[in-house]
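Before any comments, here is the structure.
The values are calculated or read from the model by the stated rules, or taken from the named source; none is laboratory data. These numbers were taken from a predicted model, which means no experiment stands behind them. Here the Cβ is made from the backbone with ideal geometry for all residues, glycine too, and neighbour counts use every protein chain on show. Accessible surface areas use protein heavy atoms only, side chains included; no ligands, DNA or RNA. Shrake-Rupley method; radii C 1.70, N 1.55, O 1.52, S 1.80 Å.
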Amino acid sequence: MLGWLLLGFATLTALFFYFQSGRAIDIDAVGPIVGAVALVLAAGLIALKAKSPASGRSMIAMSALAVCLLAAAGFWLGHDRIASLIAGGHSRPGSDSAASTMPGQVSVLIRKSAEGKFATTGAINSIGATLIVDTGATAVMLKYSDAEAAGVDVAALTFTTPVQTANGTVYAAPVRIRSISVGLLKLQDVEALVAQAGSLNENLLGMSFLRRLTSYELNGDFLTLRE
(Lines give C-alpha, C1' and ligand atoms only; values in the text may rest on other atoms or scores of the structure.)
Protein backbone atom coordinates (compact mmCIF):
# COMPACT_ATOMS: atom_id res chain seq x y z
CA MET A 1 0.00 0.00 0.00
CA LEU A 2 2.85 2.34 0.82
CA GLY A 3 4.05 1.99 -2.76
CA TRP A 4 0.68 3.17 -4.14
CA LEU A 5 0.65 6.16 -1.80
CA LEU A 6 4.19 7.07 -2.77
CA LEU A 7 3.18 6.93 -6.46
CA GLY A 8 0.24 9.28 -5.82
CA PHE A 9 2.40 11.65 -3.78
CA ALA A 10 5.09 11.72 -6.48
CA THR A 11 2.49 12.55 -9.15
CA LEU A 12 1.05 15.42 -7.13
CA THR A 13 4.54 16.72 -6.33
CA ALA A 14 5.40 16.73 -10.05
CA LEU A 15 2.22 18.71 -10.78
CA PHE A 16 3.15 21.21 -8.06
CA PHE A 17 6.58 21.94 -9.54
CA TYR A 18 5.13 22.07 -13.07
CA PHE A 19 2.72 24.79 -12.02
CA GLN A 20 5.38 26.61 -10.02
CA SER A 21 7.48 26.85 -13.19
CA GLY A 22 5.15 29.61 -14.38
CA ARG A 23 3.92 27.84 -17.51
CA ALA A 24 0.49 28.66 -18.88
CA ILE A 25 -1.50 25.51 -18.12
CA ASP A 26 -5.09 24.65 -18.90
CA ILE A 27 -6.41 23.88 -15.43
CA ASP A 28 -9.15 21.69 -16.91
CA ALA A 29 -6.53 19.22 -18.13
CA VAL A 30 -5.33 18.57 -14.58
CA GLY A 31 -8.63 17.04 -13.46
CA PRO A 32 -8.14 13.76 -15.37
CA ILE A 33 -4.63 13.43 -13.94
CA VAL A 34 -5.85 13.77 -10.35
CA GLY A 35 -8.69 11.35 -11.18
CA ALA A 36 -6.21 8.81 -12.52
CA VAL A 37 -4.18 9.04 -9.32
CA ALA A 38 -7.37 8.43 -7.32
CA LEU A 39 -8.13 5.33 -9.39
CA VAL A 40 -4.62 3.98 -8.82
CA LEU A 41 -4.98 4.47 -5.07
CA ALA A 42 -8.42 2.84 -5.09
CA ALA A 43 -7.02 -0.18 -6.96
CA GLY A 44 -4.29 -0.48 -4.37
CA LEU A 45 -6.79 -0.39 -1.52
CA ILE A 46 -8.94 -3.08 -3.15
CA ALA A 47 -5.88 -5.26 -3.65
CA LEU A 48 -4.89 -4.81 -0.01
CA LYS A 49 -8.38 -5.74 1.19
CA ALA A 50 -8.39 -8.90 -0.95
CA LYS A 51 -4.96 -9.94 0.26
CA SER A 52 -5.50 -9.27 3.93
CA PRO A 53 -9.11 -8.84 5.11
CA ALA A 54 -7.90 -8.43 8.67
CA SER A 55 -6.18 -5.19 7.78
CA GLY A 56 -9.50 -3.30 7.56
CA ARG A 57 -8.59 -0.74 10.20
CA SER A 58 -5.28 0.01 8.51
CA MET A 59 -7.00 0.25 5.15
CA ILE A 60 -9.50 2.81 6.47
CA ALA A 61 -6.67 4.94 7.82
CA MET A 62 -4.79 4.73 4.53
CA SER A 63 -7.98 5.54 2.60
CA ALA A 64 -8.58 8.64 4.71
CA LEU A 65 -5.00 9.78 4.11
CA ALA A 66 -5.29 9.24 0.34
CA VAL A 67 -8.62 11.09 0.13
CA CYS A 68 -7.22 14.01 2.16
CA LEU A 69 -4.19 14.25 -0.12
CA LEU A 70 -6.32 14.25 -3.26
CA ALA A 71 -8.83 16.73 -1.83
CA ALA A 72 -6.03 19.11 -0.83
CA ALA A 73 -4.43 18.78 -4.26
CA GLY A 74 -7.74 19.34 -6.04
CA PHE A 75 -8.44 22.48 -4.01
CA TRP A 76 -4.92 23.82 -4.58
CA LEU A 77 -5.09 23.22 -8.33
CA GLY A 78 -8.53 24.73 -8.69
CA HIS A 79 -8.65 27.54 -6.12
CA ASP A 80 -7.84 30.25 -8.68
CA ARG A 81 -10.62 29.02 -10.96
CA ILE A 82 -13.09 28.92 -8.05
CA ALA A 83 -12.13 32.45 -7.04
CA SER A 84 -12.58 33.73 -10.57
CA LEU A 85 -16.00 32.06 -10.85
CA ILE A 86 -17.17 33.76 -7.65
CA ALA A 87 -15.84 37.11 -8.91
CA GLY A 88 -17.32 36.66 -12.39
CA GLY A 89 -13.91 36.29 -13.94
CA HIS A 90 -14.43 33.06 -15.83
CA SER A 91 -16.17 32.63 -19.15
CA ARG A 92 -16.39 30.35 -22.17
CA PRO A 93 -17.20 32.34 -25.30
CA GLY A 94 -15.64 29.61 -27.43
CA SER A 95 -12.49 29.67 -25.34
CA ASP A 96 -11.38 29.56 -21.73
CA SER A 97 -10.37 32.43 -19.57
CA ALA A 98 -9.51 32.40 -15.89
CA ALA A 99 -8.49 35.10 -13.49
CA SER A 100 -6.13 34.77 -10.55
CA THR A 101 -4.58 37.07 -8.01
CA MET A 102 -1.16 37.20 -6.44
CA PRO A 103 0.08 39.81 -3.94
CA GLY A 104 0.14 43.08 -5.86
CA GLN A 105 -0.85 41.49 -9.18
CA VAL A 106 -3.94 40.43 -11.11
CA SER A 107 -3.58 38.07 -14.08
CA VAL A 108 -6.01 36.62 -16.62
CA LEU A 109 -5.35 33.51 -18.70
CA ILE A 110 -7.18 33.23 -22.04
CA ARG A 111 -7.19 30.11 -24.20
CA LYS A 112 -7.29 30.35 -27.99
CA SER A 113 -10.62 29.34 -29.51
CA ALA A 114 -11.15 26.86 -32.32
CA GLU A 115 -11.27 29.86 -34.69
CA GLY A 116 -7.77 30.88 -33.60
CA LYS A 117 -8.91 33.93 -31.61
CA PHE A 118 -8.25 34.92 -28.01
CA ALA A 119 -11.87 35.61 -27.10
CA THR A 120 -13.21 36.28 -23.63
CA THR A 121 -16.24 37.81 -21.99
CA GLY A 122 -15.36 41.11 -20.36
CA ALA A 123 -17.27 44.26 -19.49
CA ILE A 124 -17.50 47.73 -21.02
CA ASN A 125 -18.62 50.23 -18.38
CA SER A 126 -19.73 47.19 -16.33
CA ILE A 127 -21.91 45.90 -19.22
CA GLY A 128 -20.98 42.40 -20.38
CA ALA A 129 -19.50 42.04 -23.87
CA THR A 130 -17.38 39.60 -25.84
CA LEU A 131 -13.87 40.93 -26.44
CA ILE A 132 -11.24 39.67 -28.90
CA VAL A 133 -7.65 40.39 -27.89
CA ASP A 134 -5.94 41.86 -30.97
CA THR A 135 -2.32 43.00 -30.63
CA GLY A 136 -2.48 44.29 -34.21
CA ALA A 137 -5.16 46.85 -33.37
CA THR A 138 -3.74 50.21 -32.28
CA ALA A 139 -6.72 50.90 -30.03
CA VAL A 140 -9.72 49.25 -28.46
CA MET A 141 -12.42 49.15 -31.14
CA LEU A 142 -16.05 48.65 -30.22
CA LYS A 143 -19.14 47.67 -32.12
CA TYR A 144 -21.72 50.42 -32.38
CA SER A 145 -24.40 48.34 -30.63
CA ASP A 146 -22.16 47.34 -27.70
CA ALA A 147 -20.91 50.91 -27.24
CA GLU A 148 -24.50 52.12 -27.15
CA ALA A 149 -25.44 49.40 -24.64
CA ALA A 150 -22.50 50.49 -22.46
CA GLY A 151 -23.85 54.02 -22.24
CA VAL A 152 -21.84 55.79 -24.94
CA ASP A 153 -23.80 58.63 -26.56
CA VAL A 154 -23.38 57.24 -30.07
CA ALA A 155 -25.76 59.80 -31.57
CA ALA A 156 -23.25 62.54 -30.74
CA LEU A 157 -20.28 60.77 -32.36
CA THR A 158 -18.64 61.79 -35.63
CA PHE A 159 -17.32 58.82 -37.59
CA THR A 160 -14.42 60.36 -39.48
CA THR A 161 -11.44 58.23 -38.37
CA PRO A 162 -10.50 55.63 -41.03
CA VAL A 163 -9.42 52.26 -39.63
CA GLN A 164 -8.02 49.35 -41.61
CA THR A 165 -9.56 46.01 -40.66
CA ALA A 166 -9.48 42.51 -42.13
CA ASN A 167 -12.64 43.41 -44.03
CA GLY A 168 -11.32 46.68 -45.39
CA THR A 169 -11.55 50.30 -44.26
CA VAL A 170 -14.19 51.26 -41.73
CA TYR A 171 -14.85 54.65 -40.16
CA ALA A 172 -14.89 55.13 -36.42
CA ALA A 173 -15.22 57.81 -33.77
CA PRO A 174 -12.77 58.31 -30.88
CA VAL A 175 -14.16 58.04 -27.34
CA ARG A 176 -13.00 57.52 -23.76
CA ILE A 177 -14.47 54.47 -22.05
CA ARG A 178 -14.99 54.78 -18.31
CA SER A 179 -13.84 51.21 -17.63
CA ILE A 180 -13.02 47.97 -19.42
CA SER A 181 -12.57 44.75 -17.49
CA VAL A 182 -11.57 41.17 -18.24
CA GLY A 183 -12.12 38.88 -15.28
CA LEU A 184 -10.60 40.51 -12.20
CA LEU A 185 -8.47 42.80 -14.38
CA LYS A 186 -9.95 46.30 -14.80
CA LEU A 187 -8.66 49.53 -16.37
CA GLN A 188 -10.23 52.96 -16.06
CA ASP A 189 -10.55 55.73 -18.68
CA VAL A 190 -9.52 53.72 -21.74
CA GLU A 191 -8.99 55.30 -25.16
CA ALA A 192 -11.18 53.58 -27.77
CA LEU A 193 -12.86 53.83 -31.15
CA VAL A 194 -16.51 53.14 -31.91
CA ALA A 195 -17.16 51.78 -35.39
CA GLN A 196 -20.09 52.87 -37.53
CA ALA A 197 -23.21 50.77 -37.13
CA GLY A 198 -22.93 47.45 -38.96
CA SER A 199 -19.28 47.88 -39.98
CA LEU A 200 -17.67 45.78 -37.22
CA ASN A 201 -18.63 42.25 -36.16
CA GLU A 202 -16.63 41.95 -32.92
CA ASN A 203 -15.08 44.12 -30.24
CA LEU A 204 -11.29 44.32 -30.44
CA LEU A 205 -9.18 44.68 -27.32
CA GLY A 206 -6.29 46.59 -28.88
CA MET A 207 -3.10 48.28 -27.78
CA SER A 208 -4.72 51.26 -26.02
CA PHE A 209 -5.72 48.66 -23.42
CA LEU A 210 -2.82 46.20 -23.68
CA ARG A 211 0.00 48.75 -23.40
CA ARG A 212 -1.31 49.85 -20.01
CA LEU A 213 -0.89 46.36 -18.57
CA THR A 214 2.22 45.27 -16.69
CA SER A 215 2.68 42.63 -19.39
CA TYR A 216 0.94 40.30 -21.82
CA GLU A 217 2.51 37.00 -22.80
CA LEU A 218 1.68 34.46 -25.50
CA ASN A 219 2.56 30.85 -24.72
CA GLY A 220 1.22 28.40 -27.28
CA ASP A 221 -2.58 28.43 -27.14
CA PHE A 222 -2.63 30.62 -24.05
CA LEU A 223 -2.41 34.37 -23.59
CA THR A 224 -1.73 35.80 -20.15
CA LEU A 225 -2.66 39.39 -19.30
CA ARG A 226 -1.15 40.94 -16.15
CA GLU A 227 -2.18 44.20 -14.56
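Distance between the modelled labels on residue 135 and residue 160, one decimal in nanometres: 3.5 nm (7 Å Cα→Cβ projection). For the stretch 113-227, what D do you get in µm² per second when you plug the Kirkwood radius from alpha-carbon pairs into Stokes-Einstein at 20 °C and 1.002 mPa s? After rounding, the answer is 151 µm²/s.
Ordering 153, 134 by accessible area with a probe of 1.4 Å, largest first, what comes out?
153, 134
Taking all protein chains together, 143, 112 sort by accessible area into 112, 143, largest first [probe 1.4 Å]. Extending 7 Å from Cα along the Cβ direction at residue 169 and again at residue 215 yields two label points whose distance is 4.0 nm.
Taking all protein chains together, 223, 218 sort by accessible area into 218, 223, largest first [probe 1.4 Å]. Phi-derived couplings, Karplus 6.51 cos²θ - 1.76 cosθ + 1.60 at θ = phi - 60°, listed residue by residue for the stretch 115-131: 7, x, 10, 8, 9, 8, 8, x, 9, 10, 6, 6, 9, x, 7, 7, 10 Hz, with x used for Gly and Pro. I want to make sure I understand the PRE zone here: with the label point 7 angstrom from the Cα of residue 178 toward its beta carbon, which residues in the stretch 140-156 have backbone N atoms less than 12 Å away? Counting backbone N atoms under 12 Å from the label point, the list is 150-153. All other residues whose Cβ lies under 12 angstrom from that of residue 207 are scored, Lys and Arg at +1 and Asp and Glu at -1, for a net of 0.
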